[in-house]
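FYI, it's all coordinate maths here, none of it is from the lab. In this text the structure is predicted, and so the values were computed from the model without any measurement. We place every Cβ from the backbone using ideal geometry, glycine too, and count neighbours over all the protein chains shown.
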Protein chains: 2
Amino acid sequence: MIFLEKLIQLVEQGGSFLCVGLDPDVKIFPAGIPKNCDGIVEFNREIIAATKDFTIAYKPNFAFYERWGVAGWKALEQTRRMIPADKIAIADAKRGDIGNTSKMYAQAILQELDFDAITVNPWMGEDSVEPFLENEEKGVYFLTVTSNSGSQDFQKQQSGDKIMYERVIENVQLWNRKQNAGIVVGATQPEELRKIRDFAPELPILIPGLGAQGGDLEASVSAAFSCDGAPPLFNQSRGILYADSGKDFAEVAHQTAQKTRNAINKAKEQ
Amino acid sequence: MIFLEKLIQLVEQGGSFLCVGLDPDVKIFPAGIPKNCDGIVEFNREIIAATKDFTIAYKPNFAFYERWGVAGWKALEQTRRMIPADKIAIADAKRGDIGNTSKMYAQAILQELDFDAITVNPWMGEDSVEPFLENEEKGVYFLTVTSNSGSQDFQKQQSGDKIMYERVIENVQLWNRKQNAGIVVGATQPEELRKIRDFAPELPILIPGLGAQGGDLEASVSAAFSCDGAPPLFNQSRGILYADSGKDFAEVAHQTAQKTRNAINKAKEQ
């Protein structure tokens, strides 16, 4: 099934637009979880079980696993296998290289690890992104306007009569021959988000930065649903994973995920 | 020792500007080398032994290891340990993420794997690159004008009175507080290379794309030495690794590396 169709179907069935970022930071692990790769797997298992009734997607950020070398990659493989089949497993890998090399990354992440989607850095242009887009069943979210302050440095620079991120979107529209391309727009950027939805409603949007990064939920949701378009996904990581530092962390994550899903759905209706 | 000082010292001692890309592609391995991760380590060991008299640096591209998952990361760790101490070990990882996440990548690659330098994608801006620059002993090469055709899409777009890649360079100059920042400019871009050297002679340049990617050696070398500046490194991968597909591949790699080093040094003097 084409990625966009699968996304639409899962969102309809699940009644949610929430993605949970699986970013296991052992330094702030709840009491009782080992601060190592066994702990990472245990923590992710508990978080997935606690939140799966309210989510559409899970998004492990590769840095949190790569950090641990070989053991971290084992933990990433195990984490991938724990993500339920009726969720979208998004590899937050931010990869991108020349064509023949991107092909290796695509094979590693979309075939071997069998993620459903990946985040890709567009900076190196068309031939660097094509290998990720080859399989219509796999989604590719391109870094467009990110949630961090550094998004000012290049993404928001003027370029002729456009802003650079608008050039990215125009290119993504051209690259979207198989209806499997999307974009990343930070929740800290609601004004841009609204303009982008008007400009490219057909592109699914991944919206990170809710919570810890200061993104305003209501403003982002309102902007994301300002017109009919492909389903947005709102990602929350730290705000759910580390909502409680005690032994009840899973129960608190459960409640927080439920509240966040409900808040998104409520803001959507307003 | 500050990265730039170390680079200058090694280039002076070694009398070479050659970097060999350790991009093990089992599909085109020479006869007799197993097409798996054991073969990757064996192949790299032979290539390093055959070329070390003529090189300053080795640059494994992470995609060729990540391709193999856990076993690939083991091969990458082993490869890192095989790179001699008097060479610069460059992690061609092209990473970049929001600040707290880039910190994990920096820790994994510059601390745990102990690479001397890393390639970083600048698209997400200042806070995304800072963690890589923290340690003055570790070099950071930013993707500026890459060797592939996609460099047209964003890197070469006009932005006000500048080209986008010039904005990158201006930012890298600001970020270069510890004399450990550099830039990547493809060998397929000799005109840009000459302009960039004039504009930012203090930045070390990593120049990939010699050989298989069609970069013209003499034009690149002439451009790179058009003014006095920080030492450039010229990377060749496939042209040396796969110069011969038979059992003499190491001997042919030896000769090819020697020829390439000599050709660079000769073109420099012209």
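Listing for the model above:
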read-out: Distances in nm from residue B:12 to the matching label points in the other copies, shortest first (labels 7 Å along Cα to Cβ); value: 7.0
read-out: Nm distances between copies for residue B:81, ranked from closest, using label points 7 Å along Cα→Cβ; value: 2.6
read-out: Sequence-distant residues sharing a close amide H with residue A:88 (under 5 Å, placed H); value: A:57, A:58
read-out: Pseudo-label separations to other copies for residue A:26 - Cα-to-Cβ vector, 7 Å, nm; value: 2.9
read-out: Distance between modelled label sites at residue A:162 and residue A:270, nm, 7 Å Cα→Cβ extension; value: 3.4 nm
read-out: Per DSSP, loop GluC sites (Glu not before Pro) in region A:117-152 with at most 15 further Cβ within 10 Å; value: A:134, A:136, A:137
read-out: Rounded FRET efficiency, nearest 0.05, which uses the C-beta distance separating residue B:26 from residue B:262 and R0 of 51 Å; value: 0.95
read-out: Label-to-label distance, nm, for residues given as residue A:71 and residue B:199 (7 Å Cα→Cβ offset); value: 4.5 nm
read-out: Ordering of A:240-249, B:140-149, B:183-192 by burial proxy (mean other Cβ atoms within 10 Å per residue, highest first); value: B:140-149, B:183-192, A:240-249
read-out: Loop trypsin sites (Lys or Arg not before Pro), region B:34-143 (other Cβ atoms within 10 Å of the site Cβ: 14 or fewer; DSSP); value: B:35
read-out: The protein assembly as shown: projected area of the alpha-carbon convex hull, averaged over directions, in nm²; value: 22.7 nm²
read-out: At 0.890 mPa s and 25 °C, Stokes D of chain B from Kirkwood alpha-carbon radius, µm² per second; value: 132 µm²/s
read-out: Between region A:187-224 and region B:140-212, the alpha-carbon center distance in angstrom; value: 32 Å
